[in-house]
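Please read the structure below before turning to the comments.
The values are calculated or read from the model by the stated rules, or taken from the named source; none is laboratory data. Computed from a predicted model, the values in this text were never measured in an experiment. Glycine also receives a Cβ, built like all others from the backbone with ideal geometry; neighbour counts cover every protein chain displayed. Keep in mind that these areas ignore ligands, DNA and RNA; they rest on the heavy atoms of the full protein, side chains included. Shrake-Rupley method; radii C 1.70, N 1.55, O 1.52, S 1.80 Å.
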Amino acid sequence: MPSLKLRFNFSGFPHCCYCCSTPKIPSFTSIQSEANIKSTMDRLTSAARLMIVSDLDYTMVDHHDPENLSLLRFNALWEANYRENSLLVFSTGRSPTLYKELRKEKPMLTPDITIMSVGTEITYGNSTLPDDGWEAFLNDKWDRKIVTEETEKFPELTLQSETEQRPHKVSFNVQKDKAQDIMKTLSKRLEERGLNVKIIYSGGMDLDILPQGAGKGQALAYLLKKLKSEGKLPNNTLACGDSGNDAELFSIPDVYGVMVANAQEELLQWHAANAKDNPKVIHATERCAAGIIQAIRHFNLGPSTSPRDVTDMSDCKMENFVPAYEIVKFYLFFEKWRRGEIENSDLYLSNLKAVCRPSGTFVHPSGVEKSLEECVNTLKKCHGDKKGKQYRIWVDQVLPTQVGSDSWLVSFKKWELCGNCLLPREERQCCITTVLLSSKNVTVADGLTWIHVHQTWLQGVESASDSTTWFF
């Protein structure tokens, strides 16, 4: 028989009192849509605790990690400890088209702000609303027609795909040994024609021509200025990158920076020439998202231990109730249970029942309603059913709202995937989830009581056909 301490190792669910009355449950149907998940910086009433501004390819996302473990570790850390009071910004050279493709391939979180096309486009929230002020700013001394005319005179330049050509970005491929000479000559010709442009070479082949005021660094500076004008300048900002088009991020004053371990030569050369004596910029010893976590720890910016790295949840000493952490812990337990990574013990299931209100209910995305206790009983038959498969669960946009003196309503997106490393859309499932949690008659060490769970399928994503193939 496992020890009583084992009950906390993965589930983190304590025993709770059943005698407390059930809080009034809000109308779940009124919030069961992605549009109602607040995701822009407007949801913060004060300065963000931390703003992370990260490149995607080979920084946040490691394309050499088929299990996506470093990305999933970051996801769990962010949702458990930062989402509620911090800002996540993705800054990528990808166009909106290629950015959407990456989101279908990798288990990525939803950022609050997205900077795309090498800093020429800034959008906000789930709806990717564009920043009109930024677009107007970039129009100064920019004429895409003239750029096209001049670049046509260089046969060494090969236009990238149509999706990568944007209103304020013209992109080419060029051989590495010819890049510097072309950049020098082209810059002079465009200047002679009255344009003020910036030419960025990165990745050993990508050459982007942008307005002089554009770029990842300028986009970040613009955001910081905008936040400051609203009285919401983040307490700390961490910039993360791996290639030449990320160098500007590390030039912004008062911003911490991390070059991940796998940073490219062009960025390392820039750092040696421009920032080697800057203690706020480090070269991590870990790859990609693991390097970002390392930087959080190095600069002491906040919690840096991902829940995915914790094997004994009883070691987690919380000072206050943290609903987001409870959500992350539960779904990590659920993943490990189905992957067969923890013991098939009745003790785990009894502990889960202990933290579910006897009258608690679960509304399946199909509309079927069950008791929470019945849902726990169904876990017995699915233990290890995903063993040996690339089965993962992650939660996104975990946002708690205190709806009473001792109760929280937590909304989030719950994702499941199972398949190969390049996962097609049909192998992913997602639902918008709301959970009602209560702290009545329990201590912080005990944890929160689960009262009600309500789910609906995320529109546009493949869904399970019935209630027997989707649990919790």
Any hit, the stretch 315-334, residues being touching a helix residue (DSSP H, G or I) at 6+ places or on another chain (Cβ under 9 Å), modelled with pLDDT of 90 or more, surrounded by fewer than 17 Cβ atoms within 10 Å (Cβ to Cβ) and assigned to a loop (DSSP other than H, G, I, E, B): no
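Results for (1) of a type outside the set (Phe, Trp, Tyr); (2) more than 24 Å from Met51 (Cα to Cα); (3) at pLDDT 95 or above, shown as yes or no for each residue.
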{"site": "Pro111", "(1), (2), (3)": "yes, no, yes"}
{"site": "Ile115", "(1), (2), (3)": "yes, no, yes"}
{"site": "Ile122", "(1), (2), (3)": "yes, no, yes"}
{"site": "Lys141", "(1), (2), (3)": "yes, yes, no"}
{"site": "Glu149", "(1), (2), (3)": "yes, yes, yes"}
{"site": "Glu162", "(1), (2), (3)": "yes, yes, no"}
{"site": "Phe172", "(1), (2), (3)": "no, yes, yes"}
{"site": "Ala179", "(1), (2), (3)": "yes, yes, no"}
{"site": "Arg189", "(1), (2), (3)": "yes, yes, yes"}
Test: residue in the stretch 5-13 that is in contact with a helix residue (DSSP H, G or I) (Cβ under 9 Å, 6 or more places away or on another chain), crowded, with 20+ Cβ neighbours inside 10 Å, charged (D, E, K, R) and modelled with pLDDT under 80: yes
Residues satisfying the stated conditions in the stretch 113-140, i.e. open to solvent by less than 10 Å² (accessible area, probe 1.4 Å), out of contact with any Ser or Thr (no Cβ under 6 Å at 6 or more places or on another chain) and under 18 Å from Gln397 (Cα atoms): Ile113
Any hit, the stretch 220-227, residues being of a type in the set (Phe, Trp, Tyr) and either within 24 Å of the chain's Cα centre (by Cα) or closer than 25 Å to Leu87 by Cβ (or both): yes
Lone qualifier among Arg308, Arg287, Arg297 - being farther than 24 Å from Leu458 by Cα, charged (D, E, K, R), at pLDDT 95 or above and out of contact with any helix residue (DSSP H, G or I) (no Cβ under 9 Å at 6 or more places or on another chain): Arg297
Those residues of the stretch 185-206 which are open to solvent by 40 Å² or more (accessible area, probe 1.4 Å) and within 27 Å of the chain's Cα centre (by Cα), in sequence order: Asp206
The stretch 42-65 - residue that is of a type in the set (D, E, K, R) and farther than 13 Å from Ala263 by Cα and, of those, modelled with the lowest pLDDT: Asp42
Near pairs, Cβ below 9 angstrom, 6+ apart or cross-chain, from the stretch 341-366 (more than 17 Å from Val435 (Cα to Cα) and open to solvent by less than 10 Å² (accessible area, probe 1.4 Å)) to any residue that is assigned to a loop (DSSP other than H, G, I, E, B) and among the β-branched types (Val, Ile, Thr): Tyr348/Ile342
Flag for Cys382 being open to solvent by less than 10 Å² (accessible area, probe 1.4 Å) and closer than 27 Å to Ser345 by Cα: yes
Unique residue being buried (at least 22 other Cβ atoms within 10 Å of the Cβ) and either within 26 Å of Val322 (Cα to Cα) or out of contact with any strand residue (DSSP E or B) (no Cβ under 9 Å at 6 or more places or on another chain) (or both) when the list is Ser407, Ser371: Ser407
Which numbered condition Thr97 misses (of (1) open to solvent by 10 Å² or more (accessible area, probe 1.4 Å); (2) in contact with a helix residue (DSSP H, G or I) (Cβ under 9 Å, 6 or more places away or on another chain); (3) farther than 19 Å from Asp57 by Cβ): (3)
Subset of the stretch 141-174 (residues that are open to solvent by 60 Å² or more (accessible area, probe 1.4 Å), in a loop (DSSP other than H, G, I, E, B) and closer than 12 Å to Leu186 by Cβ): Glu152, Lys153, Glu156
